[in-house]
Amino acid sequence: MKPAPFDYHRPASLAETFELLDRYGDEGRILAGGQSLVPALNMRLATPRALIDINRLPGLDAIRLTTEGLLIGALARHEAVERSALVREHAPLIALAMPHVGHAAIRTRGTFGGSLALADPAAELPACVVALDAIIRVEGRGGRRDVEAADFFRGIYTTALEPGELVTAVVIPRAQPRWRFEFRELARRHGDFALVGLAAAARPANGALEDCRLVFFGVGPAPVRARGAEAALRGQGIAGSAAASTPRAEAEPMAAAIRALERDLAPPGDVHGSPALRRHLAGVLLARAVSTLVEEPA
Ligand SMILES: Cc1cc2nc3c(=O)[nH]c(=O)nc-3n(C[C@H](O)[C@H](O)[C@H](O)COP(=O)(O)OP(=O)(O)OC[C@H]3O[C@@H](n4cnc5c(N)ncnc54)[C@H](O)[C@@H]3O)c2cc1C
């Protein structure tokens, strides 16, 4: 199929973008990398009256260190983020996740801001920014707002963006010393959206995790922080039990953390997997991630 007819605008400034967003209201759509929007147009799942192509907006593709943390502009392509030495050093979780985002061809066009604004519940980057306690910067005619990542994702394809606003950047606090990161996902084929995934950050010490943040994706309408599992692991000696790397491990507290996932997660069932399968896979990912996180670097 071909898209329904639409007006096309390519603004040269944010001010012009806001004016177009105001003019078209609900009937105008931002076009960034087009990797999700263009297929939706072609299948006529989306029929906006106007596309507002932000690819010419200056400066929105920056990746740089600021006093607040690592800033990744909304138009930074996945491929640029994947190759960035700054990202590897200051946001290693993002670097670990990036090869799982679609395929290489998708990553040359898809953008960081587009992935966050789309808020696909099975996408990698929303879970990462929640695990990293990042700020999502949004701008509109009324000015700029910084939204905590945990408050940004409201549901399936639903975010805290108000009409007339767009995502302009993400600010990620720099990785603190002694924190380690793990990214795991299970997909039917590499590059597919995940059946279940886990973005994890933890501070290991003496065979335990002094602190940890566990954010699952593909198991709910938005990234899910597994607070029960975090509490079961925090401060407990787990080096031995985690090494078993299987949800069947009897040893506490790994088994307690896996049991806690029963309460933390309410995964959907679909043609790709039942809720029970997804919950089981979440336990497998948790055990694998924790067994790596708990090892302190030599
Ligand atoms: C075959 C295939 C496999 C894929 N696999 C994965 C995967 O495994 N994981 C994954 O995460 N993604 C995957 N994707 C999607 C890809 O990562 C997209 O790049 C991403 O979802 C959207 O980014 P984009 O820049 O292409 O946005 P676009 O397609 O241009 O836009 C997507 C939506 O976001 C809005 N939007 C875009 N930018 C902004 C902004 N700055 N502010 C406000 N709204 C904005 C648009 O209006 C539109 O509604 C896949 C895509 C394809 C085609």
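If you scan the stretch 1-42, which residues turn out to be more than 10 Å from the ligand (Cβ to nearest atom), over 21 Å from residue 142 (Cα atoms) and assigned to a helix (DSSP H, G or I)?
The one that is more than 10 Å from the ligand (Cβ to nearest atom), over 21 Å from residue 142 (Cα atoms) and assigned to a helix (DSSP H, G or I): 42.
Has the stretch 118-133 got any residue that is within 12 Å of the ligand (Cβ to nearest atom), at pLDDT 95 or above and open to solvent by 30 Å² or more (accessible area, probe 1.4 Å)?
yes
So, in the stretch 50-66, of the ones that are assigned to a loop (DSSP other than H, G, I, E, B) and open to solvent by 50 Å² or more (accessible area, probe 1.4 Å), which residue ends up nearest to residue 109 (Cα to Cα)?
Only one residue tops the list, namely 61.
With (1) over 23 Å from residue 265 (Cα atoms); (2) within 11 Å of the ligand (Cβ to nearest atom); (3) among the small types (Gly, Ala, Ser); (4) open to solvent by 10 Å² or more (accessible area, probe 1.4 Å) as the list, and residue 115 as the residue in question, which single condition is left unmet?
(1)
Which one is nearest to residue 57 (Cα to Cα), of the residues in the stretch 139-152 that are away from the ligand (no atom under 11 Å from the Cβ) and open to solvent by less than 20 Å² (accessible area, probe 1.4 Å)?
Of all residues in the stretch 139-152, those away from the ligand (no atom under 11 Å from the Cβ) come to 141-152.
Keeping just the survivors that are open to solvent by less than 20 Å² (accessible area, probe 1.4 Å) gives 147, 149, 152.
Details: 147: 22, 149: 24, 152: 23 Å.
Among those residues, the one meeting the criterion is 147.
State yes or no: is residue 193 within 15 Å of residue 129 (Cβ to Cβ) and buried (at least 17 other Cβ atoms within 10 Å of the Cβ)? Walk me through how you get there before you give the answer.
Numbers: within 15 Å of residue 129 (Cβ to Cβ): no; buried (at least 17 other Cβ atoms within 10 Å of the Cβ): yes.
No; evaluated as a whole, the condition is false for this residue.
So, in the stretch 166-183, of the ones that are more than 16 Å from the ligand (Cβ to nearest atom) and touching a residue at least 60 places away in the same chain (Cβ under 8 Å), which residue ends up most open to solvent (accessible area, probe 1.4 Å)?
Keep residues of the stretch 166-183 that are more than 16 Å from the ligand (Cβ to nearest atom), which gives 172-182.
Checking which are touching a residue at least 60 places away in the same chain (Cβ under 8 Å) leaves us with 172-175, 180-182.
Details: 172: 1, 173: 56, 174: 105, 175: 39, 180: 65, 181: 34, 182: 28 Å².
The qualifying residue most open to solvent (accessible area, probe 1.4 Å) is 174.
If you go through the stretch 154-165, how many residues are hydroxyl-bearing (Ser, Thr, Tyr), surrounded by fewer than 20 Cβ atoms within 10 Å (Cβ to Cβ) and either within 11 Å of the ligand (Cβ to nearest atom) or closer than 15 Å to residue 28 by Cβ (or both)?
To start, the set of residues in the stretch 154-165 that are hydroxyl-bearing (Ser, Thr, Tyr) comprises 157-159.
Imposing the further condition that a residue be surrounded by fewer than 20 Cβ atoms within 10 Å (Cβ to Cβ) reduces the set to 157-158.
The next check asks that each one be either within 11 Å of the ligand (Cβ to nearest atom) or closer than 15 Å to residue 28 by Cβ (or both); those that pass are 157.
Residues in the stretch 154-165 being hydroxyl-bearing (Ser, Thr, Tyr), surrounded by fewer than 20 Cβ atoms within 10 Å (Cβ to Cβ) and either within 11 Å of the ligand (Cβ to nearest atom) or closer than 15 Å to residue 28 by Cβ (or both): 1 in total.
Restricting attention to the stretch 84-112, which residues are among the small types (Gly, Ala, Ser), more than 10 Å from the ligand (Cβ to nearest atom) and surrounded by fewer than 19 Cβ atoms within 10 Å (Cβ to Cβ)? Explain how you work it out, then say what you get.
Step one: of the stretch 84-112, the residues among the small types (Gly, Ala, Ser) are 84-85, 91, 95, 97, 102, 104-105, 110.
The next check asks that each one be more than 10 Å from the ligand (Cβ to nearest atom); those that pass are 84-85, 91, 95, 104.
Selection gives 85, 104.
For the stretch 67-78, name all the residues that are buried (at least 18 other Cβ atoms within 10 Å of the Cβ) and either away from the ligand (no atom under 12 Å from the Cβ) or assigned to a helix (DSSP H, G or I) (or both). Write out each step before concluding.
Going through the stretch 67-78, the residues buried (at least 18 other Cβ atoms within 10 Å of the Cβ) turn out to be 69-78.
Selection gives 69, 70, 71, 78.
Hey, does the stretch 212-220 have a residue that's under 22 Å from the mean Cα position of the chain (by Cα), at pLDDT 95 or above and open to solvent by 60 Å² or more (accessible area, probe 1.4 Å)?
Taking every residue of the stretch 212-220 in turn, none turns out to be under 22 Å from the mean Cα position of the chain (by Cα), at pLDDT 95 or above and open to solvent by 60 Å² or more (accessible area, probe 1.4 Å).
Within the stretch 184-193, is even one residue within 16 Å of the ligand (Cβ to nearest atom), modelled with pLDDT of 95 or more and of a type in the set (Lys, Arg)?
yes
The values are calculated or read from the model by the stated rules, or taken from the named source; none is laboratory data. Keep in mind that what you see is a predicted model, and the values were worked out from it rather than measured. All Cβ positions, even for glycine, are placed from backbone atoms using ideal geometry, and neighbour counts span all protein chains on display. Ligands, DNA and RNA are excluded from the accessible area calculation, which covers all protein heavy atoms including side chains. Shrake-Rupley method; radii C 1.70, N 1.55, O 1.52, S 1.80 Å.
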